[in-house]
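Q: Please read through the structure below; I'll follow up with questions.
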Amino acid sequence: AQPTMLTFPFERPMFLREYGTGTYSARAYFLSKWGIEIPLALAQTLAQYIVAYFLIDMQGDFFLLVLAALGNGLAASSLALWVGCAVSDVKTVTELAPLLFVPQLLFSGFFIRIQLVPEFLRWAQYLCALKYSLNLVMLVEFGASNDNCLANDAAKANCSSVLSSNDVDKADWWIYMLLLVLIFCVFRLLAGVTLIAKANKFY
């Protein structure tokens, strides 16, 4: 999210000028950004997991873990792109970043188990892309079919406890995937609409 958030405000003047002169449409601009961003995000995620997977001795399927992390990265960058389109300068973007992303760390189950979050605040987890990505990572790493969960009864109970204490349901894996895709698409669309509205207002 951070590179997208900080880079886009610098790109906006060029886009506004070239959109205003009819050099290309907003659709072409966003499709070209996707074409560059998705392979780059995949390469970064692969590089991270090539190090982390073997260093931590993770047991889940390598490619499924990479896909879960990639989904999180793309969803986060979509939110960042929308903020970058809506806000006019880098200073304001950097001030908004903690407001958008710190709650995701708090309510995703990453630092605090969901069961330890007060009940009246637990609804916030469903607004976090990180929560859905983390759910997928936990299902891959602590799923019942993994060797680390089949070693003995205690290991099986621990794996089950990790999932249940973070409100992760194995049957809902497709919902988590769908929501990540939905967050990606909705915020990209919002970014496009916001940018076009600003461009039309400017010219």
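Q: Are any residues in segment 139-167 hydrophobic (A, V, I, L, M, F, W, C), closer than 28 Å to Leu79 by Cα and in contact with a Gly (Cβ under 8 Å, 6 or more places away or on another chain), and if so, which ones? Walk me through it before giving the result.
A: Applying the first criterion (hydrophobic (A, V, I, L, M, F, W, C)) to segment 139-167 yields 139-140, 142, 144, 149-151, 154-155, 157, 159, 162-163.
Going one step further and asking which of them are closer than 28 Å to Leu79 by Cα, we end up with 139-140, 163.
Matches in segment 139-167: Val140 only.
Q: Would you mention how many residues in segment 146-183 are open to solvent by less than 30 Å² (accessible area, probe 1.4 Å), farther than 20 Å from Ile112 by Cβ and not hydrophobic (A, V, I, L, M, F, W, C)?
A: Residues that pass the stated criteria total 1.
Q: Determine whether Pro98 is more than 14 Å from the chain's Cα centre (by Cα), of a type outside the set (Asp, Glu) and modelled with pLDDT under 85. Can you show your working first?
A: Values: more than 14 Å from the chain's Cα centre (by Cα): yes; of a type outside the set (Asp, Glu): yes; modelled with pLDDT under 85: yes.
When the stated conditions are applied, Pro98 passes them.
Q: Kindly indicate which of Gly73, Gly109, Gly84 is on the phi > 0 side of the Ramachandran plot and surrounded by 19 or more Cβ atoms within 10 Å (Cβ to Cβ). Explain how you work it out, then say what you get.
A: Numbers: Gly73 fails: on the phi > 0 side of the Ramachandran plot; Gly84 fails: on the phi > 0 side of the Ramachandran plot.
Checking each option against the conditions leaves just Gly109.
The values are calculated or read from the model by the stated rules, or taken from the named source; none is laboratory data. In this text the structure is predicted, and so the values were computed from the model without any measurement. Here Cβ is always computed from backbone atoms with ideal geometry, including for glycine, and neighbour counts include all displayed protein chains. Quick note on the areas: whole protein, heavy atoms, side chains included, nothing else; ligands and nucleic acids left out. Shrake-Rupley method; radii C 1.70, N 1.55, O 1.52, S 1.80 Å.
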